[in-house]
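So the structure is just underneath, and the comments pick up after that.
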Amino acid sequence: MTRLQAAEQLRKALQMFVKTLTDAEALEVATVYPVWASQTSYSAGDIISHGVNNLGDPQLYKVAQSHVSQSQYPPGAGTESLYTAFGLNDSGVPLWAQPSGAHDAYNIGDVVDYNGTLYKSTINGNVWAPDVYPAGWELVESTEPGPEPEPGGGENPEPTEYPEFVQPTGAHDAYSVGDRVTYNGKVYESTMDGNVYSPDAYPAGWKEVA
């Protein structure tokens with residue numbers, strides 16, 4: 001076996017190994033992942049690097065769907081349907097990334113930054129985004145600086161923004177009593193469990209929140 005053949009086998013073995021790492025583990029060895037290239041066949045779940053993050057390290061992306069890359073559609077803004085960025089935000093909180101299976105799913109207590117807002121997972125084996133399955137996440141706080149609390153303030157204020165209503169597909173992602181959503185620019189609170197209706201489809205299942 002030549003040195004070139006041995007190096008190629010080692011490269012393939014390394015690529016097989018890094019696919020088994022969790023997102024957190026992947027961040028520790030970011031330079032191991034291949035750099036994104038156009039006219040390359042990628043499979044869902046592949047991890048590649050493109051550019052650098054705010055810490056100066058390679059920015060990692062997880063391929064969201066299998067495709068052949070094109071030079072005009074690199075990872076980044078506008079290609080979120082193809083590539084999901086993951087890493088850390090400016091505060092060191094992990095950016096949410098679509099899990100590819102049970103090995104990298106989120107568990108109870110895991111906190112992520114999803115589109116600039118912090119969420120804490122309320123279930124184990126969580127493979128859903130906060131706006132896809134709101135019941136699986138608990139709003140923590142926005143990563144954007146908010147107004148200073150008033151002197152003598154007591155309890156934490158209610159959040160001013162709620163996730164957009166997403167049509168449930170069944171009982172597993174139906175809304176429960178107290179769940180709040182934004183629908184057509186207004187905030188509604190579910191008045192029943194197992195709520196699979198939108199506020200205008202079944203008004204009795206929701207109440208508008210001022």
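None of the figures in this text is laboratory data; all of them are computed from the coordinates on show. Note that the structure is a prediction, hence the values are computed from the model and not measured. Methodologically, a virtual Cβ is constructed for each residue, glycine included, from the backbone with ideal geometry; neighbour enumeration extends over all protein chains shown.
Structural remarks
- Whole-number percent relative contact order across segment 51-116, with pairs defined as alpha carbons under 8 Å at least 6 apart: 26 percent
- Label reach from T31 (point 7 Å along Cα→C-beta): in segment 58-82, amide nitrogens under 19 Å belong to 58-61.
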